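The values are calculated or read from the model by the stated rules, or taken from the named source; none is laboratory data. Predicted, not measured: the structure shown is a model, and the values here were computed from it. Here the Cβ positions follow ideal geometry from the backbone for every residue, glycine too, while neighbour counts run over all protein chains shown.
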Amino acid sequence: MQAIMTLKQVNYQAENKHILHDINWAIPVGAQVTLTGPSGSGKSTLLRIMAAMISKTSGELVFDGQPIESYDPVLYRRQVSYCFQQPTLFGETVADNVTFPYRIRKQPVDHDHILAALEYVGLGEQTLTQPIVDLSGGERQRVALIRNILFLPRILLLDEVTAGLDEQNREIIHRWLRHLNVDRGVTTIMITHDAQEIAAASTLAKVVAGRLEVQA
């Protein structure tokens with residue numbers, strides 16, 4: 001199967017510490033990967049390199065057949081989107097966040113598309129006017145995810161986005177991620193320590209002491 005992203009002998013060092021060691025990974029188009037491993041093993045570092053948030057020390061990273069260095073960083077991050085464990089919302093209301101992707105692209109806001117996304121994750125139209133300071137953790141995470149996928153990326157990188165959420169919110173996010181992967185073709189890679197999420201993984205990858213092991 002064609003790879004959407006390939007890492008070849010990728011290493012990362014910081015402050016004389018070797019964090020990632022010779023990472024080789026071909027990620028198929030449309031893959032749904034669960035990434036796990038001990039705390040401090042390098043999982044988040046790996047995702048941040050893939051998201052072009054930090055630069056590898058050595059090796060090669062190829063996205064859609066081209067070296068990552070050949071892409072405009074802004075355009076690249078629209079195709080390879082990174083979601084944080086602790087989402088950062090800005091402005092005053094939910095509307096400020098979900099209209100942002102349109103504003104930065106200087107495109108008309110598609111209210112129907114926004115409302116459909118809100119409804120899919122169990123948030124109604126009234127959420128748009130809700131102050132972000134009043135949102136629960138699960139609501140904040142769902143709003144942040146909507147902001148990331150209103151314009152679909154090719155790859156969605158998720159760094160423990162379900163950590164600390166209750167079962168209902170986790171299931172809402174799981175259902176939505178399955179929809180994005182199966183129905184919309186988005187390649188997803190999600191870091192987790194949750195035993196149930198690991199057990200349910202279709203493809204499991206582990207980072208242990210900075211080295212990658214991928215299980216079919």
| query | When you look at Ile54, is it among the β-branched types (Val, Ile, Thr), touching a residue at least 60 places away in the same chain (Cβ under 8 Å) and either under 19 Å from Thr203 (Cβ atoms) or part of a loop (DSSP other than H, G, I, E, B) (or both), yes or no? | reply | no
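Got a sec? Which of Leu180, Leu145, Leu158 is touching a helix residue (DSSP H, G or I) at 6+ places or on another chain (Cβ under 8 Å), within 27 Å of Val214 (Cα to Cα), at pLDDT 95 or above and not β-branched (Val, Ile, Thr)? If you could, list the steps in order and put the result at the bottom.
Numbers: Leu180 fails: at pLDDT 95 or above; Leu145 fails: at pLDDT 95 or above.
Just a single option satisfies the conditions, and that option is Leu158.
Taking the stated definitions as given, is Gln107 exposed (fewer than 13 other Cβ atoms within 10 Å of the Cβ) and either among the small types (Gly, Ala, Ser) or part of a loop (DSSP other than H, G, I, E, B) (or both)?
yes
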| query | How do the pairs read when you match residues in the range 1-26 that are within 22 Å of Ser81 (Cα to Cα) and at pLDDT 95 or above with residues anywhere that are part of a loop (DSSP other than H, G, I, E, B) and not polar (S, T, N, Q), using Cβ under 7 Å and keeping only pairs 6 or more apart or on different chains? | reply | Ile4/Val29; Ile4/Asp64; Ile4/Arg154; Val10/Lys56; Asn11/Lys56; Tyr12/Lys56; Leu20/Gly42; Leu20/Gly210
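Tell me yes or no: at least one residue of the range 201-216 is assigned to a loop (DSSP other than H, G, I, E, B), in contact with a strand residue (DSSP E or B) (Cβ under 7 Å, 6 or more places away or on another chain), β-branched (Val, Ile, Thr) and under 22 Å from Ala52 (Cβ atoms). Full working, then the answer.
Residues of the range 201-216 that are assigned to a loop (DSSP other than H, G, I, E, B), as a first pass: 201-202, 209-210, 216.
Filter once more, so that each one left must be in contact with a strand residue (DSSP E or B) (Cβ under 7 Å, 6 or more places away or on another chain): 201-202, 210, 216.
Going one step further and asking which of them are β-branched (Val, Ile, Thr), we end up with none.
Checking the range 201-216: not a single residue is assigned to a loop (DSSP other than H, G, I, E, B), in contact with a strand residue (DSSP E or B) (Cβ under 7 Å, 6 or more places away or on another chain), β-branched (Val, Ile, Thr) and under 22 Å from Ala52 (Cβ atoms).
Which one of Ala205, Ala163 is surrounded by 18 or more Cβ atoms within 10 Å (Cβ to Cβ) and closer than 28 Å to Val10 by Cα?
On the way: Ala163 fails: surrounded by 18 or more Cβ atoms within 10 Å (Cβ to Cβ).
Testing whether each residue is surrounded by 18 or more Cβ atoms within 10 Å (Cβ to Cβ) and closer than 28 Å to Val10 by Cα leaves just Ala205.
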| message | Quick check on the range 185-199: of everything there that is touching a residue at least 60 places away in the same chain (Cβ under 8 Å) and not β-branched (Val, Ile, Thr), which residue is surrounded by the most Cβ atoms within 10 Å (Cβ to Cβ)? | response | Met190
| remark: Conditions (1) over 20 Å from Val33 (Cα atoms); (2) within 17 Å of the chain's Cα centre (by Cα) -> Leu46 fails only (1)
| query | Hey, does the range 175-191 have a residue that's among the hydroxyl-bearing types (Ser, Thr, Tyr) and not in a strand (DSSP E or B)? | reply | no
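This table checks each residue for (1) under 29 Å from Asp96 (Cβ atoms); (2) in contact (Cβ under 8 Å) with a residue 24 or more places away in the chain.
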| residue | (1), (2) |
| --- | --- |
| Arg147 | yes, yes |
| Ile155 | yes, yes |
| Asp183 | yes, no |
| Ala201 | no, yes |
| query | Hey, any hits in the range 135-151 for a residue that's within 17 Å of the chain's Cα centre (by Cα) and part of a strand (DSSP E or B)? | reply | no
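For (1) at negative phi; (2) surrounded by 19 or more Cβ atoms within 10 Å (Cβ to Cβ); (3) among the β-branched types (Val, Ile, Thr), each residue gets a yes or a no:
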{"residue": "Lys43", "(1), (2), (3)": "yes, yes, no"}
{"residue": "Val62", "(1), (2), (3)": "yes, no, yes"}
{"residue": "Pro67", "(1), (2), (3)": "yes, no, no"}
{"residue": "Ser81", "(1), (2), (3)": "yes, yes, no"}
{"residue": "Phe84", "(1), (2), (3)": "yes, no, no"}
{"residue": "Tyr120", "(1), (2), (3)": "yes, no, no"}
| field | Those residues of the range 4-30 which are buried (at least 20 other Cβ atoms within 10 Å of the Cβ), over 14 Å from Gly210 (Cα atoms) and either among the hydroxyl-bearing types (Ser, Thr, Tyr) or touching a Ser or Thr at 6+ places or on another chain (Cβ under 7 Å) (or both), in sequence order | value | Ile4, Ile27
| Out of curiosity, is Leu35 in contact (Cβ under 8 Å) with a residue 24 or more places away in the chain, under 16 Å from Leu157 (Cα atoms) and not in a helix (DSSP H, G or I)? | yes
